[in-house]
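Structure, as structure tokens:
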Amino acid sequence: RLDEMLRRFEHLKEADLSAAGCLFAEFKAGLERHIGWEEEILFPLFEAKTGMRDDGPTEVMRWEHRQILGLIAEIQASIARRQAAPGPAVVALKELLREHNQKEEQILYPTTDELLSASEREEVFAAMQRP
């Protein structure tokens with residue numbers, strides 16, 4: 001869903017910056033929520049189950065989150081100044097998200113899913129539904 005929102009934003013930003021700005025704000029909120037779920041729920045669980053922390057995939061993913069949030073702030077600031085979002089920042093964000101998503105889908109999610117019992121998975125999903 002978030003990937004599609006970013007694609008729509010990219011196509012819309014040159015034609016209608018106001019509409020693109022609204023779409024980007026929704027994308028930003030969704031991505032920040034996703035990052036919160038990972039850092040507050042999934043990463044600690046993954047680290048507890050695997051024993052991997054400082055040199056593991058979650059440390060790399062935390063670093064990527066900081067980079068992602070920096071790019072989002074740069075794009076948001078450009079929109080707020082009523083300038084088209086900077087192309088290099090959007091390209092960098094897309095590339096970083098692509099690499100990050102691969103780590104999520106190939107390492108974090110399958111490993112966590114494999115290590116959790118059915119009741120633990122239910123607890124994770126319940127925690128992600130809380131505001």
### Task
Taking the Cβ of GLU105 as the centre, find all other residues whose Cβ is under 15 Å away and add up their charges (Lys, Arg: +1; Asp, Glu: -1).
-4
### Task
Give me the accessible area of ARG98, 1.4 Å probe, in Å² rounded to the nearest 10.
110
### Message
Bin width 5 Å, origin at 0, all Cα-Cα pairs of the chain: what percent of pairs per bin?
### Response
2, 10, 19, 21, 16, 12, 10, 6, 3, 1
### Per-residue SASA entry for MET52, accessible area with 1.4 Å probe, Å² rounded to 10
80
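What net charge is computed for the residues neighbouring GLU64, neighbours being all others with C-beta under 9 Å from the C-beta of GLU64, Lys and Arg scored +1, Asp and Glu -1?
On the way: positive: ARG62, ARG66, LYS103; negative: GLU99.
Cβ neighbours under 9 Å give a net charge of +2.
How much net charge surrounds LEU6 when only the other residues with a Cβ under 13 Å from the Cβ of LEU6 are counted, with Lys and Arg +1 and Asp and Glu -1?
Working: positive: ARG1, ARG7, ARG8, LYS13, LYS28, LYS94, ARG98; negative: ASP3, GLU4, GLU10, GLU26, GLU95.
For residues surrounding LEU6, the net value is +2.
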## Note on the structure
Too long for a 25 Å Cα-Cα cut-off, among LYS28/LYS103; LYS28/LYS94; LYS13/LYS103, are LYS13/LYS103
#### Entry: Cα pair distances of segment 21-94 binned at 10 Å [whole percent]
19, 42, 24, 13, 2
### Message
With an 8 Å Cα cut-off and a minimum separation of 6 or more residues, compute the relative contact order for the chain in percent.
### Response
27
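Could you tell me the ratio Rg/Rh of segment 63-122? Both radii from Cα atoms, Rh via Kirkwood.
On the way: Rg = 16.2 Å, Rh = 13.4 Å.
That ratio equals 1.21.
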### Dipole magnitude of the chain, debye to nearest 20 (Cβ charges: Lys/Arg +1, Asp/Glu -1, about Cα centre)
600
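The values are calculated or read from the model by the stated rules, or taken from the named source; none is laboratory data. Just so we're clear, the structure is a prediction, and the values are computed from it rather than from any experiment. As a convention, Cβ positions derive from the backbone with ideal geometry for all residues, glycine included, and neighbour counts pool all protein chains shown. Surface accessibility is based on the protein's heavy atoms, side chains included, excluding ligands, DNA and RNA. Shrake-Rupley method; radii C 1.70, N 1.55, O 1.52, S 1.80 Å.
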